[in-house]
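One structure is given here, and the rest of the page talks about it.
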Amino acid sequence: MRVNNRGAKTWDVIIVGGGIIGLSLAIALRKRGAKVLIVERGEPGREASSAAGGMLVDCAIETQPALQTLATASARMYPEFAHELEIESDTKVDLRDKGTILFPPATCLRSIACLAHSGSRTAALFPARSAELEPALAEPNPVREAFYLKERSIDPRALTAAAIKTAKNRGVDFSSGDPVTSVDFRDGRAAGVTTPKTFFRAPKIVNGAGAWSGQIAPHAFPTRPVKGQMLCLVSPARELLKHVIRSPEVYLVPRSDGRIVVGSTIEESGFDKRTDAATIQRLHRAAIAMVPELRNAKILEDWAGLRPGTPDALPILGETATPGYYVATGHFRDGILLAPITARTMAQIVSGEAPDYDLTAFSPHRFTL
Ligand SMILES: Cc1cc2nc3c(=O)[nH]c(=O)nc-3n(C[C@H](O)[C@H](O)[C@H](O)COP(=O)(O)OP(=O)(O)OC[C@H]3O[C@@H](n4cnc5c(N)ncnc54)[C@H](O)[C@@H]3O)c2cc1C
């Protein structure tokens with residue numbers, strides 16, 4: 001924070017939204033010496049970023065081709081990204097690299113088999129005997145071919161907590177509890193943001209408000225909330241699962257403390273974040289069908305989160321038509337995975353540098369705003 005010659009506080013960059021995207025970008029900009037303020041309407045890190053399963057999926061079968069390069073780059077950045085946050089915040093983020101057992105949808109099997117035998121570098125993928133790798137899996141259910149993916153997972157709640165602490169330690173300022181109602185321009189440039197209580201001044205603003213990004217005047221970014229319901233089980237059998245298990249019906253993400261996160265739904269139901277008992281029970285049953293031992297597990301909690309969706313399911317990254325106004329949103333199902341690469345490339349763009357990666361496919365200009 002700085003004080004200008006009229007006594008008003010100013011920052012170099014204001015980020016709207018304290019989810020994993022806003023937090024990671026704030027840290028990246030602070031490392032470059034920028035004075036950064038995050039304006040968060042609630043408490044930082046409590047929305048999609050804490051609701052996520054934490055799978056770091058960059059497999060070519062499940063990633064949109066346009067996103068593949070960024071997804072792979074971000075997956076590669078994760079060990080360093082997570083390690084740095086752990087060290088700086090003294091918080092464990094539970095980055096696991098045991099891999100994933102994937103039961104792909106039948107429609108994908110052929111292409112997956114091709115990928116598995118093509119020596120593709122996008123994911124180290126090969127057919128695996130699932131029961132050998134993961135004895136807790138029901139056998140012979142599901143009677144499907146399975147594949148081992150060399151991918152990681154992380155605990156998103158721990159990750160966001162670590163990112164909040166790291167941002168604070170590095171001197172990022174926070175304003176929590178009031179929403180940004182508009183991004184304000186002066187002389188055709190970004191000049192600050194307005195909340196119901198005040199005006200915060202900065203020459204550069206980044207809209208990182210996740211599923212709510214489109215609600216902030218004056219640009220109506222075409223983001224929409226895509227609800228996902230989840231539950232968390234804890235089994236009396238310690239370390240019941242080693243791998244992430246993913247099938248079209250359900251996914252299971254084990255944490256190192258014995259919890260198993262079960263997800264998820266993809267629902268278009270506006271900003272409604274309630275769970276419903278029938279859906280949670282269906283996910284629970286699907287988890288038990290996959291891993292029978294989970295019959296003895298307790299449901300610790302259930303919740304729902306709102307993914308930031310876009311019309312083409314790709315993120316929106318870059319500078320808008322108004323100089324000084326940037327956007328980093330629309331990460332849909334991949335925002336945890338894409339946090340490191342988003343922070344890096346957006347920090348480059350906001351600092352006036354060419355980004356390391358071609359972000360044309362993610363430009364805000366692809367939509368008429
Ligand atoms: C159920 C579920 C499972 C998921 N699983 C995975 C997964 O396994 N792997 C993966 O990579 N991704 C996953 N995701 C996606 C991932 O969680 C999101 O893409 C990511 O968290 C988006 O981060 P964000 O910072 O953009 O949004 P958010 O975390 O939603 O943060 C946006 C912030 O902006 C704030 N805000 C909104 N409006 C305003 C305003 N007007 N003024 C100020 N602040 C405002 C909100 O309060 C919020 O804190 C999952 C998501 C869900 C819901």
> Taking into account only those residues within the stretch 287-326 that are assigned to a helix (DSSP H, G or I), out of contact with any strand residue (DSSP E or B) (no Cβ under 8 Å at 6 or more places or on another chain) and among the aliphatic types (A, V, I, L, M), which is surrounded by the fewest Cβ atoms within 10 Å (Cβ to Cβ)?
Replying inline: A289
> Can you name the residue in the stretch 261-288 that is more than 13 Å from the ligand (Cβ to nearest atom) and touching a helix residue (DSSP H, G or I) at 6+ places or on another chain (Cβ under 7 Å) and is also nearest to F103 (Cα to Cα) among such residues?
Replying inline: A287
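Right, A211: modelled with pLDDT of 95 or more, within 11 Å of the ligand (Cβ to nearest atom), on the phi < 0 side of the Ramachandran plot and under 24 Å from the mean Cα position of the chain (by Cα) or not? Don't jump to the end; show me each part of the working.
Details: modelled with pLDDT of 95 or more: yes; within 11 Å of the ligand (Cβ to nearest atom): yes; on the phi < 0 side of the Ramachandran plot: yes; under 24 Å from the mean Cα position of the chain (by Cα): yes.
It is true that A211 is modelled with pLDDT of 95 or more, within 11 Å of the ligand (Cβ to nearest atom), on the phi < 0 side of the Ramachandran plot and under 24 Å from the mean Cα position of the chain (by Cα).
With the structure loaded, tell me whether V193 is buried (at least 18 other Cβ atoms within 10 Å of the Cβ), within 21 Å of V57 (Cβ to Cβ), in contact (Cβ under 8 Å) with a residue 40 or more places away in the chain and near the ligand (Cβ under 10 Å from one of its atoms) or whether it fails that test. Before you say what the answer is, go through the steps one by one.
Numbers: buried (at least 18 other Cβ atoms within 10 Å of the Cβ): yes; within 21 Å of V57 (Cβ to Cβ): no; in contact (Cβ under 8 Å) with a residue 40 or more places away in the chain: yes; near the ligand (Cβ under 10 Å from one of its atoms): yes.
Answer is no for this residue.
Test I341 against the criterion of being among the β-branched types (V, I, T), away from the ligand (no atom under 15 Å from the Cβ) and either not assigned by TED's automatic domain parsing to the domain that holds W11 or not in a loop (DSSP other than H, G, I, E, B) (or both), and give yes or no.
Details: among the β-branched types (V, I, T): yes; away from the ligand (no atom under 15 Å from the Cβ): no; either not assigned by TED's automatic domain parsing to the domain that holds W11 or not in a loop (DSSP other than H, G, I, E, B) (or both): yes.
It is false that I341 is among the β-branched types (V, I, T), away from the ligand (no atom under 15 Å from the Cβ) and either not assigned by TED's automatic domain parsing to the domain that holds W11 or not in a loop (DSSP other than H, G, I, E, B) (or both).
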>> List the residue pairs whose Cβ atoms are under 7 Å apart, where the first residue sits in the stretch 25-44 and is not assigned by TED's automatic domain parsing to the domain that holds I205, the second is aliphatic (A, V, I, L, M), and the two are 6 or more positions apart or on different chains.
In response: none
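Among A82, A71, A75, A66, which is the only one that is outside the structural domain of L337 (by TED's automatic domain parsing), in contact (Cβ under 8 Å) with a residue 24 or more places away in the chain, part of a helix (DSSP H, G or I) and surrounded by fewer than 17 Cβ atoms within 10 Å (Cβ to Cβ)?
Details: A82 fails: surrounded by fewer than 17 Cβ atoms within 10 Å (Cβ to Cβ); A71 fails: surrounded by fewer than 17 Cβ atoms within 10 Å (Cβ to Cβ); A75 fails: surrounded by fewer than 17 Cβ atoms within 10 Å (Cβ to Cβ).
The unique qualifying residue is A66.
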> Among the residues of the stretch 47-75, how many are near the ligand (Cβ under 6 Å from one of its atoms) and not aliphatic (A, V, I, L, M)?
Replying inline: 4
>> Residues that are more than 30 Å from W11 (Cα to Cα) and in contact with an Asp or Glu (Cβ under 9 Å, 6 or more places away or on another chain): does the stretch 158-181 have at least one?
In response: no
>> Condition first: more than 7 Å from the ligand (Cβ to nearest atom), assigned to a strand (DSSP E or B) and touching a Lys or Arg at 6+ places or on another chain (Cβ under 9 Å). Now tell me which residues in the stretch 16-46 satisfy that.
In response: V36, L37
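Test V206 against the stated conditions and say whether it is within 14 Å of the ligand (Cβ to nearest atom), among the aliphatic types (A, V, I, L, M) and over 22 Å from the mean Cα position of the chain (by Cα). Before the answer, list the steps.
On the way: within 14 Å of the ligand (Cβ to nearest atom): yes; among the aliphatic types (A, V, I, L, M): yes; over 22 Å from the mean Cα position of the chain (by Cα): no.
In short, no.
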> Restricting attention to the stretch 78-96, does a residue exist that is more than 16 Å from V244 (Cβ to Cβ), of a type outside the set (V, I, T), within 12 Å of the ligand (Cβ to nearest atom) and modelled with pLDDT of 95 or more?
Replying inline: no
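Given the criteria within 11 Å of the ligand (Cβ to nearest atom) and outside the structural domain of S213 (by TED's automatic domain parsing), does V291 qualify?
Details: within 11 Å of the ligand (Cβ to nearest atom): no; outside the structural domain of S213 (by TED's automatic domain parsing): yes.
Spelling it out, it is not the case that V291 is within 11 Å of the ligand (Cβ to nearest atom) and outside the structural domain of S213 (by TED's automatic domain parsing).
Restricting attention to the stretch 214-236, and to residues there that are more than 12 Å from the ligand (Cβ to nearest atom) and assigned to a loop (DSSP other than H, G, I, E, B), which single residue is modelled with the highest pLDDT?
Result: P222.
The values are calculated or read from the model by the stated rules, or taken from the named source; none is laboratory data. It should be emphasised that the depicted structure is a prediction, and the values quoted were computed from it without experimental measurement. Cβ: placed from backbone, ideal geometry, glycine included. Neighbour counts: every protein chain shown.
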